[in-house]
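Just below is one structure, and these are the notes that go with it.
The values are calculated or read from the model by the stated rules, or taken from the named source; none is laboratory data. Here the structure is a predicted model, which is why all the values come from computation and not from measurement. All Cβ positions, even for glycine, are placed from backbone atoms using ideal geometry, and neighbour counts span all protein chains on display.
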Amino acid sequence: MSAKLAISRPAEGAAGKTGTWRTFRPVVDREACNECGLCRQYCPDAAIDENLDIDLDYCKGCGICAKECPKKAITMVREED
Amino acid sequence: MAIPDEEYILKTTSACAGCPSSLILRYVTKAAGPDTVLVIPACCTSVIQGVYPTTAMNIPVYNVAFASAAAVGSGMSEAFRACGKKTNVICYAGDGGTVDIGIQALSGALERGNDFLYVCYDNEAYSNTGMQRSGATPFAARTTTTPAGKQDLKKDLDAIVAAHNPVYQATACAAYPVDLYNKVVKALSMPGPKFMHVLAPCPPGWRFPSEETIEMGKLAVKSGMWVLWERDHGKLAITGASKAAMVKRIPVADYLTRQGRFKGITEEQIAEIQAAIDRSIGCLQKEVESEC
């Protein structure tokens with residue numbers, strides 16, 4: 001395939017480490033979490049894995065997970081600069 | 001139906017925080033699987049894919065001109081079928097590229113009966129260029145080109161598409177990903193032209209905080225402003241959370257007043273929107289009961 005063709009190849013981080021966008025960081029209280037997985041279902045960027053760990057390199061801090069958590073186990077904490 | 005763990009959108013696109021379109025695309029691609037080509041005209045999704053030479057999209061994407069998504073999709077699917085391939089062809093377009101700029105190509109492709117799925121994610125304005133009014137912007141919504149609120153009604157895209165009698169047509173909402181997933185799976189199981197219209201509550205465009213994307217979608221459905229339904233070979237069925245909304249709805253003011261784009265809306269305008277919702281739900285109910 002000619003390198004001159006303008007074809008982009010799939011790669012993680014194609015839009016950079018979007019975690020740097022955050023002003024608020026999700027913090028999970030594992031005691032309160034009942035592992036329902038709704039946070040993972042609703043995360044627009046699939047930044048929450050099957051163990052419900054949040055990938056802070058990419059989490060943009062939208063806060064949907066905290067808002068939708070039925071157990072209120074996620075709180076949004078302001079990032080220190 | 002169990003939703004697969006595979007993700008076809010790699011971490012991450014440059015979509016805004018809380019983007020409903022990213023969420024919708026996650027579930028559309030999960031339902032479609034790896035043997036899929038996305039056809040994307042100018043829209044938010046064409047600008048968020050990443051920076052050349054890398055992309056966050058882990059399935060083939062064909063970025064095409066604004067007006068041409070459905071024309072490209074129908075030709076591509078014909079070519080795949082001629083080669084004996086069953087590859088899914090999905091056009092993934094915004095409301096501007098569907099109800100305004102791409103409507104001619106969409107009408108043509110639906111009429112030709114090609115085997116493809118067209119998904120319109122509707123955030124009710126031209127969002128990636130800064131929230132200008134589109135044909136899908138609802139009555140009374142402020143955009144950068146309707147600063148005093150839109151004076152015209154939202155174009156009834158679903159009625160236009162229904163007039164083409166596609167094999168499968170459905171609405172969905174970003175707040176109900178399982179309903180969306182099931183409908184995409186069902187659509188792709190049928191040969192012929194399929195169309196889906198998905199509501200995408202856009203935090204910066206509609207002016208609400210990014211964590212309320214899902215909540216805003218739920219309010220849209222609970223108020224009847226958006227109805228989840230499917231038309232399988234012309235037969236209408238109401239699905240999911242909209243079954244309850246057909247009988248009992250929250251006042252539409254609860255949905256409108258949560259969004260900055262409806263700031264300054266008058267009581268008369270709210271009453272007008274409420275009356276329009278009650279009327280359209282009544283029509284849907286009659287169609288479900290096969291009275292019209």
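Details
- Scan of region B:104-149 for residues that are touching a residue at least 40 places away in the same chain (Cβ under 8 Å) and β-branched (Val, Ile, Thr), ordered by number: B:119, B:143
- Only one of B:225, B:216 that is within 27 Å of residue B:97 (Cα to Cα), crowded, with 18+ Cβ neighbours inside 10 Å and away from chain A (no Cβ under 14 Å): B:225
- Candidate set: region A:25-54, residues that are under 30 Å from residue B:179 (Cβ atoms) and of a type in the set (Val, Ile, Thr); chosen: the one farthest from the other protein chains (Cβ to nearest Cβ): A:28
- Filter result for residue B:50 (at pLDDT below 95, within 11 Å of chain A (Cβ to nearest Cβ) and either touching a Leu at 6+ places or on another chain (Cβ under 9 Å) or surrounded by 24 or more Cβ atoms within 10 Å (Cβ to Cβ) (or both)): yes
- Residue that is farthest from residue B:13 (Cα to Cα) [pool: residues in region A:55-71 that are in a loop (DSSP other than H, G, I, E, B) and at the interface with another protein chain (Cβ under 7 Å from one of its Cβ atoms)]: A:63
- Criterion applied to B:108, B:84, B:73, B:130 was being more than 14 Å from chain A (Cβ to nearest Cβ), part of a loop (DSSP other than H, G, I, E, B) and modelled with pLDDT of 95 or more, and the one residue passing it is B:84.
- Odd one out for residue B:198, checked against (1) surrounded by fewer than 17 Cβ atoms within 10 Å (Cβ to Cβ); (2) under 23 Å from residue B:234 (Cα atoms): (1)
- One residue alone among B:37, B:28 is within 14 Å of chain A (Cβ to nearest Cβ), in a strand (DSSP E or B) and either within 25 Å of residue B:179 (Cα to Cα) or touching a Ser or Thr at 6+ places or on another chain (Cβ under 8 Å) (or both), and that residue is B:37.
- Evaluation of residue A:15 against the conditions (1) assigned to a helix (DSSP H, G or I); (2) facing chain B (nearest Cβ under 10 Å) shows that the sole unmet condition is (1).
- Selected residue [farther than 28 Å from residue B:176 by Cβ and either among the acidic types (Asp, Glu) or without any contact (Cβ under 8 Å) to a residue 12 or more places away in the chain (or both)] from A:31, A:50: A:31
- On the stretch given as region A:54-81, residues that are surrounded by fewer than 16 Cβ atoms within 10 Å (Cβ to Cβ) and within 9 Å of the chain's Cα centre (by Cα) total 2.
- In the set B:22, B:14, only one residue is within 16 Å of the chain's Cα centre (by Cα), within 14 Å of another protein chain (Cβ to nearest Cβ) and modelled with pLDDT of 95 or more; that residue is B:22.
- Which listed residue is within 11 Å of chain B (Cβ to nearest Cβ) and under 16 Å from residue B:9 (Cα atoms), from A:9, A:22: A:9
- Among the residues of region B:234-255, those identified as under 26 Å from residue B:149 (Cβ atoms), assigned to a helix (DSSP H, G or I) and in contact (Cβ under 8 Å) with a residue 24 or more places away in the chain are B:245, B:254, B:255.
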